[in-house]
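Chemist: Okay, handing you the structure first.
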There are 2 protein chains.
Amino acid sequence: MTSPVGLHRVVEPAGVLPQAAWRLDARPEIAPNEVRIRVQRLNLDAASFRQLSEKHGGDGEKVRAEVLDIVATRGKMQNPVTGSGGMLIGTVEEAGRRSPLGLRAGDRVATLVSLTLTPLTILDGLARWDGRSEQVPCDGYAILFARSIAAVLPDDLHPELSLAVLDVCGAPALTARVVAEQVARRQREGDPRPVGVAVIGGAGKSGSLSLAAARRAGAGRTVGVVPVVAERDALAGVGLADAVALADARDPVALSTAVTTALGAPADVTVVCVDVPGCEHGAVLATADGGTVIFFSMATSFAAAALGAEGLAADVTMLVGNGYVPGHAELALQLLRAEPGVRALFTARLAAD
Amino acid sequence: MTSPVGLHRVVEPAGVLPQAAWRLDARPEIAPNEVRIRVQRLNLDAASFRQLSEKHGGDGEKVRAEVLDIVATRGKMQNPVTGSGGMLIGTVEEAGRRSPLGLRAGDRVATLVSLTLTPLTILDGLARWDGRSEQVPCDGYAILFARSIAAVLPDDLHPELSLAVLDVCGAPALTARVVAEQVARRQREGDPRPVGVAVIGGAGKSGSLSLAAARRAGAGRTVGVVPVVAERDALAGVGLADAVALADARDPVALSTAVTTALGAPADVTVVCVDVPGCEHGAVLATADGGTVIFFSMATSFAAAALGAEGLAADVTMLVGNGYVPGHAELALQLLRAEPGVRALFTARLAAD
C-alpha cells in the first residue's frame, strides 16, 4: 500500500513529508489510494503572489516564467521564499479504487490541502495567465493522496467564488471555535463581560469571513482593522463589524490603540489576517491578558511572536492558524450564502482581480 | 513619563518595539521608571549559540568577536540570523523611583525578558569567556523597562543553576497549563482516558522541566523523546518520564511511531523542546486529533507548522510557546527543588558546560 500522506512521491530529500520536500514526483499514473485531478485553475497564496510580483516589479511575464520554473523544478507550486503555495480547482479524472476521499470521475473539486504538498504538472505553459493576479487559469494534472482533502464545488455558486472562499476556509472555522470557547469559559465562570474580537485585515477574504464567524460564535463586539480608507469604507458599508478602524498593523502602538479604542478594552481574541511581516507585536499588545491571538498570515515570524509576548510580559495564548478544522469548507460556504456582507466583499474582490 | 515597554530606547527603525528594533540606545543613565543592572553573566539562547558556533566551526575566538560586534552594533544581544537572544544575571545598581518592578540596589537578579529587547553595554570585552559555552561571564550594564520581568535569585540555589532554570521557565508553566486544561476537559466530558504527553527533547533543560510539570498537572502517561543513546540513558535513569524513546525528531514517521508506541496512542499534548529545524511535521503527526502541540523551539517555522497540519488534515491546536506565564519563575524553581530527577539533569548539564 502506498503512503496515505504521500511519502512515496517524495524525490528529495528522502524521508520528509511532501510539504517539506524540495522535489516531488508528479507523474500522472496513480496508486490505488490516489486521485488524479485535471487542473483548471490555480489560486496562488497571497503572500507568495505578492513576493513574486514585487520581486519582478509587477512584470507579469516574469512572474509567469518563475511560476513555470518552480513547478517544473519542484513538481509542485511552492514559493521557495515564502514557503507557501495556494490551492487548485479541477475535475476528477481518475480515482483509485482504494481512495478514501469519496470522489468520482467527473466531480468538480477544489483541493483543500496546500499546493505546497500537491504533485503538479503544468501542460499549457500558463498561456492564458497574464501573471498579474493570484487566480491562474491552468491546464495540467495534480495528484491527491489518501489523507488529502478536496471539496466538491457547490452548484449554486460560481466556481471562482467557491474557490476564493475555500482557499481561506480554515480561518473562519478556527476563529469560530476559539470565540465559542471564550464565550463558554465566561459562562462557566459567571463572567458577564462580552467577548471582544479584533480582526486585523478585516476587509480581506479570510478577514471578512472571520468577522462573520466571530459574530455568529457569540462575540459581543467586533472590530475590523484595515490599512487604507478604501477598505475602511468597503468594510463599514457591509456592516460585518461593529466598528471599523484604520491603522497600520506593523505599528504596535497604533494598532493596539485602534483596537482598544474601538472595543473599549483590549481584544479577547485577535485574528491576524494580513499578509505583511511585522504584525506580531501589535497583535500581542492589542490583546487582553488571558486572551488569544490567532495568526493566519503566512508572513508571521515564530520568533517575533514568541519573544514579543515574553518581552511585553503578555499572558496571551498564541495559535498557529491551522488551515484544517473539521467542517471548515461547509462553514465557510454557509457564511458566504447567509451573509450578504461577505458575499459583497468577495464579489467586489473577484471583479477587481 | 517614558514608555513602559521601552519605546524611548529604540534608535532604528523608529516606532517599533525594542525587540523588533535593529538598534537600541544602551546608555547607562536611567529614566525614573527604569532599572540599571550591573551584568555578571549572559546566558545565550541555545539556537543562537549553536548558529554562531557552527558558523565559526567551533572557533571560540571568532564566536566571542561576533557577540561583541553584535552588542556594539545593536545595543543588545540579538543574533541577526536566529532572531533570538537569551537572558542575563546581575546585581541591581540603580532602580528608578517610579519603577514598578519592586527591585532595590544590591538585589541579585535574573532577567526573564529576552536579551533581544534589553539594552546592553559590554565593558570587559568578554575577556573571561572562551566562546565555547552558552554561559558567558560578562561585566557590563543592562537596562530594564517598567514592563520587564526580573526574578530575585533565591539564596538556596547556586546562581548558575537558578539562571539555567529561569532561562526556560516559560516551558514548564505553559505545559502545566495546557495539560491541566486537557485533564479538566476530559473530566467535564466524562472521558476516562488518561492524558498522554510527549516531550520532544525530554532530556534537555526545558524538556525535563516540562516532563515534570506535565506529570504534576495530571498527565496519565508521559514519554520523553531524545536523539541519542546517552540522553536516553540519562533521562531513563532519573525517572522523569514513564517511557523514554529514541528517535530523530526531524523524521516525521520515526517520531510519530516512537511516540505512538510509547504512549499506546498518539499524544494528547506534544511539547517541542529541541532547537533544530524541521520538527514541525513529526510533532503534528505524533499528536492525536483534538490534541495540542506546543512549540518552544526558536527553530520552529511558522509556515511549516501551519501548512504541515493542513496537509495532514490534522485537527490539532498549535501554540507558539510564550515565554511568559504568570508565576513561571516560581513554578520552575519549585520543580527543581522538588524533583531530584530535574536537579540531577541540570547539575550534570552545568558540569559538562
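The values are calculated or read from the model by the stated rules, or taken from the named source; none is laboratory data. As the structure is a prediction and not an experimental result, all values here were calculated from the model. FYI the Cβ positions are ideal-geometry reconstructions off the backbone, even for glycines, and counts take in every protein chain you see. What goes into the accessible areas is simple: the full protein's heavy atoms, side chains included, and nothing from ligands, DNA or RNA. Shrake-Rupley method; radii C 1.70, N 1.55, O 1.52, S 1.80 Å.
Chemist: Given the C-alpha centroids of region A:196-233 and region B:313-353, what is the distance between them in whole angstrom?
Modeler: Comparing the Cα centres of region A:196-233 and region B:313-353, I get a distance of 37 Å.
Chemist: Then there's this: Grab the beta carbon distance between B:ARG98 and B:LEU123, set R0 = 30 Å, and tell me the FRET efficiency rounded to 0.05.
Modeler: Between B:ARG98 and B:LEU123 the formula returns 0.65.
Chemist: Just to confirm my numbers, what's the Cα centroid distance between region B:26-91 and region A:4-71 in Å?
Modeler: Here the answer is 40 Å between Cα centres.
Chemist: Kindly identify residues of region A:18-49 having a loss of at least 10 Å² in accessible area between the isolated chain and the assembly of all protein chains, probe radius 1.4 Å.
Modeler: A:GLN19, A:ALA20
Chemist: Roughly how big is the A-B contact, given as buried accessible area in Å² (both sides, 1.4 Å probe, nearest 100)?
Modeler: 4500 Å²
Chemist: Place the peptides A:123-132, B:182-191 in order of packing, highest mean first, counting for every residue the other Cβ atoms within 10 Å and averaging per peptide.
Modeler: A:123-132, B:182-191
Chemist: When ligands, DNA and RNA are left out and all protein chains stay put, how many square angstrom of accessible area per residue does region B:7-157 have with a 1.4 Å probe?
Modeler: Roughly 39 Å² per residue, with all protein chains present.
Chemist: If you build the Cα gyration tensor of region B:170-352 and take the root of 5 times each eigenvalue, what three semi-axes come out, in whole angstrom, biggest first?
Modeler: Output for region B:170-352: semi-axes of 22, 19, 16 Å.
Chemist: Name the residues of region A:268-306, by number, that are at least 50 Å² less accessible with every protein chain in place than in the isolated chain; the surface is that of heavy atoms, probe 1.4 Å, without ligands or nucleic acids.
Modeler: Residues shielded by partner chains are A:HIS281, A:MET298, A:PHE302.
Chemist: Suppose R0 equals 22 Å; then what is the FRET efficiency for A:ASP233 and A:ALA351 from their Cβ-Cβ distance, rounded to the nearest 0.05?
Modeler: 0.85
Chemist: With a 1.4 Å probe and every protein chain kept in, tell me what percent of the accessible surface of chain B is carbon plus sulfur.
Modeler: Carbon and sulfur together cover 51 percent of it.
Chemist: Shifting gears a bit: Could you tell me the relative contact order of chain B? Use alpha-carbon pairs under 8 Å, at least six residues apart, and round to a whole percent.
Modeler: 14 percent
Chemist: Further question: For B:LEU68, project a label point 7 Å along Cα to C-beta. Then give me every residue of region B:96-139 with its amide nitrogen under 17 Å of that point.
Modeler: Output list for this probe position: B:121-133, B:136-139.
Chemist: I've got another one for you. At what distance in angstrom do the alpha carbon centres of region A:105-140 and region A:239-300 lie from each other?
Modeler: 33 Å
Chemist: Relative to the longest principal axis of chain A, what angle (0 to 90°, nearest 10) does the C-alpha long axis of helix A:340-352 take?
Modeler: In chain A, helix A:340-352 runs at an angle near 50 degrees to the longest axis.
Chemist: First select every other residue whose beta carbon is under 13 angstrom from the beta carbon of B:VAL238; then total the charges, Lys and Arg +1, Asp and Glu -1.
Modeler: 0
Chemist: Return the long-range amide H neighbours of A:GLY86 (sequence gap of 5 or more, or a different chain), with a cut-off of under 5 Å between placed amide H atoms.
Modeler: Placed amide hydrogens put A:ASP45, A:LEU115, A:THR116 under 5 Å from A:GLY86.
Chemist: A further question follows. Considering only the label points, 7 Å along Cα→Cβ from Cα, what distances in nm to one decimal separate A:ALA105 from the same position in each other copy, shortest first?
Modeler: Ordered by distance, the counterparts are at 8.8 nm.
Chemist: Here's something else I'd like to know. Nearest 10 degrees is fine. How inclined is helix B:252-263 to the longest principal axis of chain B, computing both from alpha carbons?
Modeler: The helix B:252-263 is inclined about 70 degrees to chain B.
Chemist: With respect to the axis carrying B onto A, what is the closest chain B residue by Cβ position, and how many angstrom separate it from the axis?
Modeler: Residue of B nearest the axis onto A, distance in Å: B:PHE302, 2.
Chemist: Give me the accessible area per residue for region A:170-352, probe 1.4 Å, as a whole number in Å². Provide the component values of the computation, followed by the final result.
Modeler: On the way: 6140 Å² over 183 residues.
Per residue, region A:170-352 has 34 Å² of solvent-accessible surface.
Chemist: A follow-up question, please. Hey, what did region A:170-352 get for relative contact order, percent, Cα under 8 Å, at least 6 apart?
Modeler: For region A:170-352, the relative contact order is 23 percent.
Chemist: Which value in nm describes the separation of the simple spin-label points at B:GLU160 and A:ARG27, placed 7 Å from the Cα toward the beta carbon?
Modeler: 5.8 nm
Chemist: Helix A:170-188 versus the longest principal axis of chain A: what is the Cα-based angle in degrees, 0 to 90, to the nearest 10?
Modeler: The two axes meet at around 40 degrees.
Chemist: Using a label position 7 Å from Cα in the Cα→Cβ direction, what is the ascending list of nm distances from A:ALA352 to the same site in the other copies?
Modeler: 5.6
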